[in-house]
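J.: Got a structure for you, written out below as structure tokens; questions coming shortly.
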């Protein structure tokens, strides 16, 4: 198990990809199973069968936190064919390490058995980058929520320039396997703790932060490659 030390209450960008850049999600059931495992194993002593009970399925992440023992909070995520990204906040000592170890191990067992593909699934241990301040956090959430659009929107990224940002926005909003639709309030939330980021965007007591966060995303799309360059400078070096 990973020996790296993560600090409680700190935020981290966690990501990994398939070995030899192979796909780690081959159909919709794979994506859903990965998210189901993430929802279960972010708690210390929860099991999939318990989480799927009629009583538990009605509970929000906040309600579950009160009765279970969470290791981490998931603030954002995206899954694409051959890799994934999380924004995680560690809640207890070694929480991220335990969560990612369980998630990676159990998903690999599931995937290999289902698809008859022996051997390692991921290219190695997950990667982790500390997110030191809110500006980095907001840009990272933009980067993660933009991610599927780079693969789905037509035309795609060409020559380092975004050709059609409106199509990118539509792709982001319609993509099933990211947390962006949760932030917009369009998808039932069973995993994400989005309150901190949305609260940072509130401009009035009557606001829930959703419209302001959506505006932040859309402004980033209009900025185009200027925003992407800023992300590369702050997050990807």
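J.: Could you list, in sequence order, all residues of the stretch 58-84 that are in contact (Cβ under 8 Å) with a residue 40 or more places away in the chain and either over 13 Å from the mean Cα position of the chain (by Cα) or surrounded by fewer than 21 Cβ atoms within 10 Å (Cβ to Cβ) (or both)?
T.: 60, 61, 62, 80, 81, 82, 83, listed by residue number.
J.: Quick test of your reading of the structure: residue 145 fulfils all but one of (1) touching a helix residue (DSSP H, G or I) at 6+ places or on another chain (Cβ under 6 Å); (2) under 16 Å from residue 182 (Cβ atoms); (3) at pLDDT below 90. Name the failing condition by number.
T.: (3)
J.: Just a yes or no: is a residue in the stretch 86-94 part of a loop (DSSP other than H, G, I, E, B), in contact with a helix residue (DSSP H, G or I) (Cβ under 8 Å, 6 or more places away or on another chain) and crowded, with 19+ Cβ neighbours inside 10 Å?
T.: No, the conditions are met nowhere in the stretch 86-94.
J.: Starting from the stretch 166-177, keep only residues that are under 16 Å from residue 144 (Cβ atoms), then list their pairs with residues that are at pLDDT below 80 and surrounded by fewer than 19 Cβ atoms within 10 Å (Cβ to Cβ) whose Cβ atoms are within a distance under 7 Å, requiring at least 6 positions of separation or different chains.
T.: Listed pairs, sorted by first residue: 171/152; 175/152.
J.: Same structure again: Yes or no: residue 166 exposed (fewer than 13 other Cβ atoms within 10 Å of the Cβ) and either in a helix (DSSP H, G or I) or modelled with pLDDT of 75 or more (or both)?
T.: So residue 166 fits the description; yes.
The values are calculated or read from the model by the stated rules, or taken from the named source; none is laboratory data. None of these values were measured; they are calculated from a predicted model. Using ideal geometry, Cβ is built from the backbone for each residue, glycine included, and neighbour counts are taken over all protein chains shown.
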